[in-house]
Each structure stands twice: as C-alpha cells, then as structure tokens.
Amino acid sequence: MYVVRPAAAAAAAFAALTGLTLTALAGTASSATSAVPAAPTAPAGTFRALPLPGGPLDGLSGPVVYAHRGASAYAPENTLDAIDLAMRLGFDWVENDVQRTKDGELVVIHDDTLNRTTDVEQVFPGRSPWKVKDFTAAEIARLDAGSWFGEEFTGARVPTLREYMNRVQRNQQRLLLEIKKPELYPGIEEQTLKVLDETGWLDERHVARRLVVQSFSADCVRSVHRLRPDLVTAFLGTPPVADLPRYAEFTDRINPWHTTISADWVAAVHGLLGAHGKALEVDTWIVDDAATARKVRDMGVDGIITNAPDVVQDAVDGF
Ligand code: G3P
Ligand code: CA
C-alpha cells in the first residue's frame, strides 16, 4: 500500500536551517603518522545529547547514525572494543555480521574467511583457505582479532554472538544485526533468533526499540519475518522501484549502498507501507565523509551506516 509521508528530507533541512545541533562532542578522526586512524578523543562515559526515539525532537535531527561493525574506523571491526568505543563516542546503534563455526557456534565476523582480520595464518598455517565454517569455536577463540588493526588492540577476540549480545546489553546499545552469507549456513535464521531469545533480546522492549535484523538475502529476511513477525527487518540492496511492493510485504526497511540511490528512489521507498504498516525506511551504507553524509541526508534517508560515526554525526548535525 502507498502512503503519504512527510518528507524526511524536509525534516533534515529544517534541522539544518535552524542550526539544531545537539552534538556534545567534536571528534578528530585522522592521524598523519599511523596507518590506523587515531580514535577521536572524548571523556570516558561521554554521551551525545541525541533526541529520544519517539520524543519531541525525534525526526527533526537528521538521520540516525549507525556505527558500522562498531566504530570500525578507530577499532578492529566487529570486536567488543569496536562497540565499546562506539559507546564512548556516544553512539547507541551498532551494526555487526553473524556467521557460524564448524561446530555450530554463531560468531561475529564480516568475511567468511578468518585471515584478513585475525592471525589465523600464523596460528593454523596449514588450514588455508581459513573459512570460518571450517574452524571450531575453540579454535577461533585462540585467534587475535586486534593486532592486524593496531598493536594496542592485541588480544581482541572474535566474539561469539552470545558474548556480543551481552556486551551490547551492558553498554545499553542497540543493534542492527546482519546475517551474513546465510546460504553457507542452513538454519542460521532460527539459530540467530534462539541466541537472541536466550540473551533476552526478543522481549517486547528490545524488539520495539533496540533490534533490527538485516541481510542481503531476501529469502533470509523473509524467513526471519515469518519466524518472528514482530521483529523489525531490513533488506540490503537497491531493488528497482517496480519491485519495492514485493519487499514491503516482508520487511520494514530497504538499506542500499549510497552510490546506488537518488532522492526519487528514496521517496519511492518512503511512499510504501512496510510489513508493520509504517512507511518503509532507508538506511544507507557505508558513508564515511561529511560531504556524502550531507548528500544522502538531503536525499531524505532515515539512517546512515558508517565506520566513522563521529564524522557523519557532526556533518548531519551542522549546516
Ligand atoms: O550494514 C550495511 C553493510 O554492513 C553492508 O555491507 O559488506 O559491510 O556487510 P557489509
Ligand atoms: Ca554488515
């Protein structure tokens, strides 16, 4: 069904015109001497003064900013360090990637191989091509998932999904959970939901405000919606406008790569009601610079998924 919806772009423009700057923190995001960008400085425990969802300023402050794989410009992606840093920078929404080990444990890692983000080639030299699905959870727990990024992160681990959910909960954060390459892991949808349930993430409060499940696989998103119709879901991709109504039957959001979208496409998505009877939303990825952040904000996107959340938040808060 199509819907008349106030343009998010207009809200963003209003925020810009009125100088509605709620950011309490200005980050510095570069280092001239290191391959690893310096983490922005912020007093421990500092949170940005952001409007509460559903509160009086919600919708007038520009897109929601998601820390992609955690604050992954400044800490090793998908580690607990990366979500802790996102928290310290004041970001409650974090994104991750879920895959499965040989013995059936869900773990948080982006690639379906271990060698880019761990020291697996040193620890298990004879096990090329180092697929996640060919290693047990105990083997993966031995790997260093931090030193590739910077020696100060030596000792970081590939978290299990249980460990990760407990940390997001402790940090009072919210999660955009991606089921990665579900075709490699039959039944991963049910298994992911089981872990979410057992860690307390499928109660009413979490489902209503703190969790979104997404995938590049439409079949996967459809399965999650069938198994838990109350959950908010997102499809990763940029379907043609003519196909959008089919997606709206089982998902609430269409999350595209930023280079593939236009204001007209965003408006077409917003013109449809999603699986829960609300206007379909758009969270775009991966935007790490201020100019692109403002560009997609002005297209009317609802969220921006970024490795450098401080850079993007400052850009979309300002003129
Ligand atoms: O959340 C969107 C984004 O994560 C999709 O791409 O490859 O980083 O998982 P990728
Ligand atoms: Ca992802």
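The values are calculated or read from the model by the stated rules, or taken from the named source; none is laboratory data. Owing to the predicted nature of the structure, the values given are computational and were not obtained by experimental measurement. Using ideal geometry, Cβ is built from the backbone for each residue, glycine included, and neighbour counts are taken over all protein chains shown. For accessibility, only protein heavy atoms count, side chains too; no ligands or nucleic acids. Shrake-Rupley method; radii C 1.70, N 1.55, O 1.52, S 1.80 Å.
Sorting the segments 254-264, 299-309 by their residues' average number of neighbouring beta-carbon atoms within 10 angstrom, most packed first, yields 299-309, 254-264. Of the trypsin sites (Lys or Arg not before Pro) found in region 229-281, the ones in coil according to DSSP and having at most 15 other Cβ atoms within 10 Å of their Cβ are Lys278. Simple rule: put +1 on each Lys or Arg Cβ and -1 on each Asp or Glu Cβ in region 173-240, find the dipole, and look at Ser223, Ala234, Leu202; the Cα lying farthest toward the positive end is Ala234. Using the structure shown, list the pairs from Lys131/Lys295; Lys180/Lys295; Lys131/Lys194; Lys181/Lys278; Lys194/Lys295 with a Cα-Cα distance above 31 Å, or answer none. Beyond 31 Å between Cα atoms: Lys131/Lys295; Lys194/Lys295. Dipole check for region 53-211: with +1 at the C-beta of Lys and Arg, -1 at the C-beta of Asp and Glu, and the Cα centre as origin, the magnitude is about 120 Debye.
Ordered from highest to lowest accessible area with the whole protein assembly present and a 1.4 Å probe, Tyr74, Tyr247 read as Tyr247, Tyr74. Our summary gives region 121-169 a relative contact order of 23 percent, counting only alpha carbon pairs under 8 angstrom and 6 or more residues apart.
One quarter of the convex hull surface built on the alpha carbon atoms of region 185-319 amounts to 8.7 nm², the projected area averaged over directions. Could you tell me the center-to-center distance, by alpha carbons, between region 255-319 and region 107-183 in angstrom? So the two Cα centres are separated by 28 Å.
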